[in-house]
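Here the structure is laid out as structure tokens; the discussion comes afterwards.
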Amino acid sequence: MLFNSLDFAVFLPVVFLLYWFITSKNLKHQNLLLVVASYVFYGWWDYRFLALIFLSSIVDYSIGLQLKKDRKSSRRKRLLGLSIVFNLGFLGFFKYYNFFADNFVEVFSFFGKQISSNTLNIILPVGISFYTFQTLSYTIDVYKRKLEPTTDFISFLAFVSFFPQLVAGPIERATNLLPQFYKKRKFQYNKAVDGCRQILWGLFKKIVIADNCAEYANQIFNDTNEYSGSTLVIGAVFFTFQIYGDFSGYSDIAIGTSRLFGFNLKQNFATPYFSRDMAEFWRRWHISLSTWFRDYLYIPLGGSRGSTRVSVRNTLIIFLVSGFWHGANWTYIVWGFLNALYFLPLLLWHRNRINTNIVAENRSLPSFIELLQMGFTFCLSVFAWIFFRADSIAHAMNFISRIFSNTLFKLPTVRPTYLIVIVVLFIIIEWLGRHGKHTLETLFSNNSRALRWAFYMVLIGCIFIFKGEEQEFIYFQF
Amino acid sequence: MKTFFKNITFFGSVFFVLAQCSYFILDRASSLEYDKRLEMLMEGEINKELLVFGSSRGSGNILAAQLEKETGFSSYNLSYQAANLLYQEFILKTVIAYNNPPKKIVMAIDNPAEFNGNTGMRFRNDRLFPLSKYNYINSELINQDKRTVLSKLLYIDRVSTNMFKTTKVNPPSLNPFESCGSRPIILKPKGELVYSKVLPDYSIHVETASYIQAFKNMQSICKKNNIQIIFVFPPNFMVFNSNFYNRFKQLMFPENKVFVYDTLNPAYKNDRYFYDVSHLTKDGAKIFTTEISQFIKSL
């Protein structure tokens, strides 16, 4: 079920009413309702893969309990290994089997040996990368004794399948989300209203920004050879806003929806395009994934505490794995590598932690230097997104070489004025709301209700009027 | 919780009232259009004895005013450029729903692309969007998956960006409307056309099932309403594709008639009567329309 569908517009109020009016007296019933609702939500897309989520839940729940019983380190290690192999095995099969099969064949043919490719017609289960990482975090935290394993199976099922964040995150840690299922939730007016605001902004980002930008980005990326360099730049910039609007929009709707049910999910985006360097960008973009990799991969590998060589190696690993996590294509790996190249100079010169606060924190406008820094960082990310969006490395290289041709200074042939105006207004609103955990949290909070409501109504009106051709959320494929 | 529901309800009510004001945008959008035919159909203003259906070949190659004069049947052209059979079926249903059924329909056939869903022919949603204020049109847009059912309730869900035009849309200078709805091509492009003598092939594998079904549906609707269909094959600047013609005859109901342009007429081998390979200029359309009139009179 898509967040921006009529199905969800009916589903959400029904679950909300059942949750607060029918099952609110009994925590177990409330959790069970969430499990059923989550399975319906997921099954709406393809019910066959519900078995996968259920199986994954059973395995990690059982391993968690076993880890508690076993005191022997070697047996505990084996149990952890079993969980990792099981979860990553599923992920590897559904997501990466064909990629490895194809590349295996290509490597052999490079050495003059022809073998036939045995790729399978595999459907990638939506959200598998997200819930796999979520369940893995549970087992690892239990193994490290950071978390007591749960004995409440229903709560665990709800934790794994919690519908707001099941298919595209944020990737929640068991230490944050699981305990919330043990406690009785109370309806809080302010929290629910703020949740609605966040849902509204998420829908705006997805429907108005991402879907409209997608139309032009797709048009330009699909016909790269037909356009001038300047138009290709427009295409890359539109994709930059598309992916941000799409993914951060989804996260906003997920977090806002959770708040309606009394849950607190992690912030996943913090106005990343206002970052002053790439290190800051990565602290603000897809935060739940970055911190997951930091805690479960980067730090166990030694982080930045060892020699320079180890730091560089770990940084490269984390960015390459992050790229590969996004999809089974070399384009994602190059995207990850490129980001590592952006990040490494900052790490080596110890400048990766200089911009930890919000830009222009106590000012309404950035300084000239900050503006330049933001502009430069934005350009770097636009360049990297070309690889992310391209169908292949050859496509990306062709796209880039055409940008840097003599047509770069021609007037772009695609320049939708209305969309450019909307994107500029969007940037202004995001700038004004950059202090909050989401854009609308603090925006107009000191103004009268009439003004606030008028603003929200304008946003809803825009969602109806400027809705682009419906596109699936990009991160569903990951 | 009470306050939450109270505020949500109040907010929703205020929004609903304001959102309905967008009807004015919808109303204005329809008034800016130059092609009023669909609107006239829904107002029941096209009660003619003979209607012309088709795509651009019907629109430009058949002159309804001339047909009216030569046959004595009051006529109107309801062809739309690039309209596929699904759209033509929709137009026929609209005719039947809001107007008196005609006695005859002259339907221009795109030889050989009529049943092929992979050409540029399409359902002309772009003609429907500006008329979203009509519930009938909105329902069709919902059928076409271009609107959600919410648009039945909220006018604002029928508004789209292209409705914010400031000026009236002008018809293209190449083929402006004539009286009776035809749009003959009045300009002649530079450059010569080369007549092709190669007999084109035709394969049923290019056919689209939904198009075939729409074609059958149109014939069934006409049969039910006692409308005679005359299928007409306009000339192309090439040898006649009899392979497609033979296939076409298999799909045609026996009570309907088919008319093929006079393949021996030297005018159809003269490029001065053609705008491009498959479209006649106005002079060519006059010749072709006369042939159709004679055929109708002979029935």
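The values are calculated or read from the model by the stated rules, or taken from the named source; none is laboratory data. Remember, predicted model here, so these are calculated numbers, not experimental data. Ideal geometry is used to build each Cβ from the backbone, glycine not excepted, and the neighbour counts take in all protein chains shown. Remember, those area values only see protein heavy atoms, side chains included, never the ligands or the DNA or RNA. Shrake-Rupley method; radii C 1.70, N 1.55, O 1.52, S 1.80 Å.
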**Prompt:** For the pair A:GLN219 and A:TYR47, how long in nm is the line joining their label points, each one 7 Å along Cα→Cβ?
**Reply:** 4.1
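Taking 8 Å as the Cα distance limit and 6 or more residues as the minimum spacing, I'd like the relative contact order of segment A:49-185 as a percentage. Before the final figure, lay out the partial values.
Numbers: 130 pairs, mean separation 43.3, N = 137.
With pairs under 8 Å counted, the relative contact order is 32 percent.
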**Item:** Compactness of chain A, expressed as Rg and Dmax over alpha-carbon positions, Å
**Value:** 23.0, 74
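For the pair B:ILE212 and B:ALA82, what calculated FRET efficiency results from E = 1/(1 + (r/R0)^6), where r is the Cβ-Cβ distance and R0 = 30 Å, to the nearest 0.05? Please report the intermediate quantities before stating the final value.
Working: r = 19 Å, r/R0 = 0.64.
Plugging the Cβ-Cβ distance into 1/(1 + (r/R0)^6) gives 0.95.
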**Leading residue at positive end of dipole, segment A:123-260 (Cβ point charges), from A:PHE238, A:SER161, A:ALA217** = A:SER161
**Prompt:** Near the amide H of B:PHE231, under 5 Å away, which other amide H atoms are found, from residues 5 or more places off or on another chain, if H is placed in the peptide plane?
**Reply:** B:MET107, B:LYS257, B:VAL258, B:PHE259
**Prompt:** Could you give the length gained on full extension between A:PHE93 and A:LEU301, defined as 0.36 nm per residue of separation minus the Cα-Cα distance, in nm?
**Reply:** 72.4 nm
**Asked** To the nearest Å, what is the center-to-center distance of segment A:386-406 and segment B:1-50, using C-alpha atoms only?
**Response** 44
**Prompt:** Lys/Arg Cβ at +1, Asp/Glu Cβ at -1, dipole of chain B taken about the Cα centre: which of B:PRO176, B:PRO130, B:HIS279 is farthest positive-ward?
**Reply:** B:PRO130
**Request:** Could you tell me what percent of the DSSP beta bridges with both partners in segment B:2-298 are antiparallel, to the nearest 5?
**Result:** 15
**Prompt:** Based on Cβ point charges of +1 for Lys and Arg and -1 for Asp and Glu, what charge dipole magnitude is obtained for chain A about its Cα centre, in debye rounded to the nearest 20?
**Reply:** 2160
**Request:** Can you send over the solvent-accessible area of A:TYR97, 1.4 Å probe, protein chains only, in Å² to the nearest 10?
**Result:** 80
**Complete:** Applied in sequence order to segment A:176-188, the curve 6.51 cos²θ - 1.76 cosθ + 1.60 (Karplus, θ = phi - 60°) yields integer Hz couplings, x standing for Gly and Pro, of 8, 8, 4, x, 5, 7, 7, 9, 5, 8, 10, 5, 10
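Place a +1 charge on the Cβ of each Lys and Arg in segment A:49-185 and a -1 charge on the Cβ of each Asp and Glu, then give the dipole magnitude about the Cα centre in debye, rounded to the nearest 20.
Values: 17 positive and 8 negative charges, 173 e Å.
For segment A:49-185, the charge dipole is close to 840 debye.
Need one number for segment B:33-190: average projected area of the convex hull over its C-alpha atoms, nm². Don't skip to the end; give the middle numbers.
Details: hull surface 43.2 nm².
About 10.8 nm², averaged over all directions.
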**Request:** May I ask you to derive the FRET efficiency for A:HIS29 and A:TYR189 from their Cβ-Cβ distance with R0 = 25 Å, giving the value to the nearest 0.05?
**Result:** 0.60
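In debye, nearest 20: dipole of chain B around its Cα centre with unit charges on the Cβ of K, R (+) and D, E (-)? Working shown, then result.
On the way: 36 positive and 26 negative charges, 114 e Å.
About 540 debye.
To the nearest 500 deg cm²/dmol, what mean residue ellipticity at 222 nm is calculated for chain B from DSSP H runs of n ≥ 4 alone, each contributing -39,500 (n - 2.57), summed and divided by the residues?
On the way: 11 runs with 118 residues, N = 299.
So the calculated ellipticity at 222 nm is -12000 deg cm²/dmol.
Between A:THR442 and A:THR308, what length comes free when the chain is fully extended (0.36 nm per residue of separation minus the Cα-Cα distance, one decimal in nm)? Working shown, then result.
Values: separation 134, 0.36 × 134 = 48.24 nm, distance 4.17 nm.
Here the segment from A:THR442 to A:THR308 would lengthen by 44.1 nm.
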**Request:** Quickly work out the B:LEU32-to-B:ILE204 label distance, labels modelled 7 Å from Cα along the C-beta direction, and quote it in nm with one decimal.
**Result:** 4.8
**Asked** When each pair of different Cα atoms in chain B is counted once in the 1/r mean, what is the Kirkwood radius in angstroms, to one decimal?
**Response** 20.8
**Request:** Give me the accessible area of A:THR151, 1.4 Å probe, in Å² rounded to the nearest 10.
**Result:** 100
**chain B: angle of helix B:242-251 to the longest principal axis, Cα-based, in degrees nearest 10** = 50
**Asked** Roughly what angle does helix B:2-20 make with the longest principal axis of chain B, taking Cα atoms, 0 to 90 degrees, to the nearest 10?
**Response** 40
**Prompt:** What is the Cα centroid distance between segment A:220-256 and segment B:256-294, reported in whole angstrom?
**Reply:** 49
**Item:** Of every Cα-Cα pair in segment A:49-185, the percent that sits beyond 18 Å
**Value:** 59
**Request:** Calculate, in nm to one decimal, what A:VAL424 and A:ALA101 gain on full extension: separation in residues at 0.36 nm each, minus their alpha carbon distance.
**Result:** 111.8 nm
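Cα gyration tensor of segment A:232-310, axes a ≥ b ≥ c as square roots of the eigenvalues: rounded (a/c below 1.5), prolate (a/b > b/c) or oblate?
Numbers: a/c = 2.91, a/b = 1.23, b/c = 2.38.
Cα axes put segment A:232-310 in the oblate bin.
Ordering B:PHE16, A:PHE221 by how much accessible area each has at a 1.4 Å probe, largest first, what is the list? Each step should come with its number before you reach the end.
Working: B:PHE16 85, A:PHE221 5 Å².
Ranking B:PHE16, A:PHE221 by accessible area, largest first, yields B:PHE16, A:PHE221.
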**Message:** Using each residue's phi in segment A:342-347, evaluate 6.51 cos²θ - 1.76 cosθ + 1.60 at θ = phi - 60° and report the 3J(HN,Hα) Karplus result to the nearest Hz, with x for Gly and Pro.
**Reply:** 5, 7, 4, x, 5, 5
**Prompt:** So what are the ³J(HN,Hα) numbers for segment B:128-139, from phi and the Karplus equation (6.51, -1.76, 1.60; θ = phi - 60°), rounded to whole Hz, Gly and Pro as x?
**Reply:** 8, 3, x, 9, 4, 5, 7, 4, 4, 5, 4, 4
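If contacts are Cα pairs under 8 angstrom and at least 6 residues apart, what is the relative contact order of chain A in percent? If you can, show how the numbers build up before the last one.
Values: 636 pairs, mean separation 88.9, N = 478.
Across chain A, relative contact order equals 19 percent.
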**Request:** For n ≥ 4 DSSP H runs only, could you compute -39500 (n - 2.57) per run for chain A, divide by its residues and tell me the 222 nm figure to the nearest 500?
**Result:** -20500 deg cm²/dmol
**Item:** Highest-first arrangement of B:191-202, A:6-17, where packing means the average Cβ count within 10 Å
**Value:** A:6-17, B:191-202
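Using Cα pairs closer than 8 Å and at least 6 residues apart in sequence, work out the relative contact order for segment B:2-298, in percent. Display every interim value, and only then the final one.
Numbers: 491 pairs, mean separation 75.2, N = 297.
Over segment B:2-298, the number comes to 25 percent.
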**Message:** Given the whole protein assembly as supplied and a 1.4 Å probe, what does the accessible area of A:ILE369 come to in Å², nearest 10?
**Reply:** 100
**Request:** Please name which of B:LEU299, A:TRP349, A:LEU372 has its Cα lying farthest along the dipole of the protein assembly as shown towards the positive end, using unit charges on Cβ (Lys, Arg +1; Asp, Glu -1) and the Cα centre as origin.
**Result:** A:TRP349
**Complete:** The helix B:282-298 Cα axis meets the longest alpha-carbon principal axis of chain B at an angle in degrees, between 0 and 90 and rounded to 10, of 80
**Request:** Quick one: which residues, 5 or more positions from B:ARG122 or on another chain, have an amide H under 5 Å from its amide H? H modelled 1.01 Å from N in the peptide plane, none for Pro or chain starts.
**Result:** B:ALA83, B:ASN84
**Prompt:** Can you work out the FRET efficiency for the pair A:LYS68 and A:ASN176, with r the C-beta to C-beta distance and R0 = 25 Å, to the nearest 0.05?
**Reply:** 0.80
